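First the structure, in the form of structure tokens, and then the observations on it.
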Amino acid sequence: MDSGDVTPGEPLILDLAALSAADLGAVGGKAANLGELIRAGFDVPTGFCITTQAYRLAVRGTAVEDGTTTDAPAARAAILAAPFPDSVADVLRAAYTRLGEGPVAVRSSATAEDLPGASFAGQQDTYLGIAGIDDVLDAVQRCWASLWTDRAVAYRAAQGIDGAGVALAVVVQSMVDAESAGVLFTADPVTGRRRQAVLDAARGLGEAVVSGSVDPDHFVIDTGTGRILDRRRGGGDAVSVTDPQVRALASLGDRVEGAFGSPQDIEWAIDSDGHLWLTQSRPITTLYPVPVRDAPKPPDEIRAFFCISLAQGLHRPITPMGVAAFRVIGAGFLDLIGRRPDRIVDGPGGLAVGGDRLFVDATPIVRSAAGRFIFPRALDVMEARSAVVLRGLLDDPRFAVVPGSRRRFARGFLHLAARIRAPFVFVQALADPAAAQRRVRRLEAEVRAFEYPSGTIPDRVDGVVDLVFRAMPYAPRAIPGAAAGFAMLGLAGRLLGDAARPGDLQTVLRSVPDNITTQMDLDLWRLAVAARSDAAAATALGTRPARDLADDYLAGSLPAVLQSRMADFLDRYGHRAVAEIDLGMPRWADDPAHLFGVLSGYLRLDAEADTPAEHFAAGARDATTMMRTLYARARKRSRIRARAVGFCLRRARALVGMREMPKYLVIIALRRARETMLAIGRELADAGLLADPQDVFFLGFEETKQVAAGADLRAVIRERRSRYDSELQRRHVPRVLLSDGTEPEAVSSAAAGPEGALRGTPASAGTITARARVILDPVGAELQPGEILVAPSTDPGWTPLFLTAGGLVMEMGGANSHGAVVAREYGIPAVVGVARATETISTGDEVTIDGAAGTATVASATRTEQNPV
């Protein structure tokens, strides 16, 4: 319903006690929540709600009526200038009289307010101590106008909420003669820890605490025991609340949280008689959802969850079908270590989902002596910040080592090594790198030869599960060769000692051969070169939107050169995509719009500038020069040491390029799985069992078979899609999260260096000062040549942007993570593992990267664009 639509017979005023969550559309989030509090038996000041129907009457005939205006000041002025509707004024006078005509609080209550995904706290206006009907009418009209404040309009835009569907109700309540008041969070909003209440209190009205105009008394309370863990006096002359009142408030907050089913942000007041009133309660929308394990955790036992989504370079949520595929992949891994689950589709019991991202219960790793030794060291080069966070848990007595864990780990490791013939392949790679490369190519050919599942829908679903399960072992089989390369690089570093300066070994890894992702990016560049040389192709790329070009490609109607070259590229790489580890994400072969956008960007490069191919060749020359330099330094100690260093460096360059192959092989299989599931989705949609073929990716494998059998899961799909779309807006995802909601990194976050220097992990040596561009999703994003790419994380789908980037700052990753490796190969300075980089840096900031020191310094804030892409 548009904001100007009025439904005859709808009430203009409703009593708060009559409201519930079902009335959200008529009374807004604040009023609906107050009604729920009253229904649950909590003490709430008496009052009534002027419904959204009244708002629609008020905006009739104004520029706001259709809800499409984008001029906030004009919208506010129009509402304030409009006559107050007589019908609303009449019922409002009567309701105010019944309330006693004393001082009241007049509060805005928007239909997009106090929702699970967006609180809208403070976006619309509140007026306190209003007395007299004329002043009440004026306050109500000002509340209506506050729906169109600049901050409210900007907030709606940031949350992706359409202004055309938003309307405003107004709550009018009797004022509490407050001795003290304030705000209570039933979970710590900073660390995320549940059942640890945080209380801010001050004398007088709570609005002073909410607005930040006073320095409140501050308390932290253990909800379970009532123990006050921390207290800090504010700026008042006397303490605003006693210890018994603090404990009573924490207990009350716990009951409110139980009533709503989630942690709450509560406003409260204590009157002169010592009676406690609730004036508002809304969800704490900033808390990250605690991951839920596939297998139940032991009661009252703290668990540590590690985000494998982020470790795979994926910041965005994962579709339910993508999660289902990960469970099968996890089952494949368990099979490799001799612990195959009873049902493949169930996967490992330690897998967990939170915020539609994948986590793994890392508690057994942290509590294992072998796990403590190996896992953080592996993360040091793959996702360095996560390693720091995990090491911070090692001294926590709740994560003490379990006796016997070393033997259990050894059995699994030896079983895996035997299944993939790791010792043999490792030695073979050192003896003959070319043989190792041929072996990996054979693995790729085998996966590409997998057959598509056939038969009935249940048969094909089972075939997809089997296909993914069979593909998973190919990933570890491709690891030993690259592992041998990294081992040689590490050994070279130990042999060189102080002779290797910061950044030297990174230089050796520039432009390594046989990296499938680098080859892909250079092939895309060659496609751009061919297009630039053809007038029709160049014109198409230079003048037409990427979406139109993609549609024409799929229809076979692009200029001949562009059509044939893209077909060749997609024949080799069409299984790849942004967020490609998610089975639910379209592959480039399905939708190449992103590639056409990248190609258009390539053509904007100055024809005289160095090409990415030339950069790559220069990187290889730099690597060769550095190897000679390091050899010469080692020779000053001894010839034998120099020869050993030379051998190690040559093997490192020959082998580390294979590091991309393990995931690459699985992605090939996932494309076949996706094509099969999409075909099933089309059949189910044609049969009227799904609203859209893509809906199949919001089901699990077993659920898909249920739908084929006639089950109606369309409501489930709608709810999952809505949650997924909401999660796409989330800016921060924790690397590690405890089962009590605590984010360890938030408890002991590393402070930024002086004068805006953000510290991370050195990833690619070099320095650059350039304009930053914050990109959260590369699809459709435009990175101008030379700009510094600032991203939460990256996977191979991002790397075409690297060809024109001047530098890289990334929140995730370590020295040998995917983004770091590709940045080194392209010779662009890079710093990874920079906490909250996408929040600290804005598009338009001038940023200086020192890739060897691992710092990114914000020098100035020109910020021509505030919003990330």
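Figures for the structure shown
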item: Residue count for the range 163-197, restricted to those that are crowded, with 24+ Cβ neighbours inside 10 Å and among the aromatic types (Phe, Trp, Tyr); result: 0
item: Helices (runs of 4 or more DSSP H) contained in the range 520-635 and holding at least 2 residues at pLDDT 95 or above, outside the structural domain of Gln784 (by TED's automatic domain parsing) and more than 31 Å from the chain's Cα centre (by Cα); result: 535-543, 546-555, 560-573, 612-635
item: Those residues of the range 296-329 which are out of contact with any Lys or Arg (no Cβ under 6 Å at 6 or more places or on another chain) and either without any contact (Cβ under 8 Å) to a residue 24 or more places away in the chain or farther than 19 Å from Leu583 by Cβ (or both), in sequence order; result: Pro296, Pro298, Pro299, Asp300, Glu301, Ala304, Phe305, Phe306
item: Members of the range 35-85 found to be part of a helix (DSSP H, G or I), farther than 25 Å from Ala17 by Cα and of a type in the set (D, E, K, R), listed by number; result: Arg76
item: Every residue from the range 216-259 that is surrounded by fewer than 17 Cβ atoms within 10 Å (Cβ to Cβ) and of a type in the set (Ser, Thr, Tyr); result: Thr225, Thr242, Ser251
item: When residues of the range 736-771 are limited to those that are surrounded by 18 or more Cβ atoms within 10 Å (Cβ to Cβ) and assigned to a loop (DSSP other than H, G, I, E, B), the one modelled with the lowest pLDDT; result: Ala752
item: Given (1) at pLDDT 85 or above; (2) more than 19 Å from the chain's Cα centre (by Cα), index of the condition Val834 fails; result: (2)
item: Residue match in the range 285-295 (condition: without any contact (Cβ under 8 Å) to a residue 24 or more places away in the chain and outside any strand (DSSP E or B)); result: no
item: Residue check, Arg231 on the phi > 0 side of the Ramachandran plot and outside the structural domain of Asn33 (by TED's automatic domain parsing); result: no
item: Residue match in the range 1-18 (condition: at pLDDT 95 or above, crowded, with 19+ Cβ neighbours inside 10 Å and either polar (S, T, N, Q) or within 37 Å of the chain's Cα centre (by Cα) (or both)); result: no
item: Close pairs (9 angstrom Cβ cut-off, 6 or more residues apart or separate chains): at positive phi and of a type outside the set (A, V, I, L, M, F, W, C) in the range 118-129, modelled with pLDDT under 65 and not in a strand (DSSP E or B) anywhere; result: Gly122/Val210; Gly122/Ser211
item: Cross-chain or 6+ apart pairs with Cβ under 8 Å, the range 82-99 first and of a type in the set (Ser, Thr, Tyr), then outside any helix (DSSP H, G or I); result: Ser87/Leu12; Tyr96/Val104; Tyr96/Val172
item: Selection within the range 673-688 - surrounded by fewer than 22 Cβ atoms within 10 Å (Cβ to Cβ) and not small (Gly, Ala, Ser); result: Glu675, Thr676, Leu678, Arg682, Glu683, Leu684, Asp686
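Residues checked against (1) surrounded by fewer than 24 Cβ atoms within 10 Å (Cβ to Cβ); (2) at pLDDT below 90; (3) more than 15 Å from Ser764 (Cβ to Cβ):
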residue: Gly780; (1), (2), (3): yes, yes, yes
residue: Leu803; (1), (2), (3): no, yes, no
residue: Gly813; (1), (2), (3): no, yes, no
residue: Gly827; (1), (2), (3): yes, yes, no
residue: Glu839; (1), (2), (3): yes, yes, yes
residue: Ser842; (1), (2), (3): yes, no, yes
residue: Ala852; (1), (2), (3): yes, yes, no
residue: Ala856; (1), (2), (3): no, no, no
residue: Thr864; (1), (2), (3): yes, yes, yes
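The values are calculated or read from the model by the stated rules, or taken from the named source; none is laboratory data. Everything quoted here is computed from the prediction, not taken from an experiment. Glycine gets a Cβ as well: all are built from the backbone with ideal geometry, and neighbour counts include every protein chain shown.
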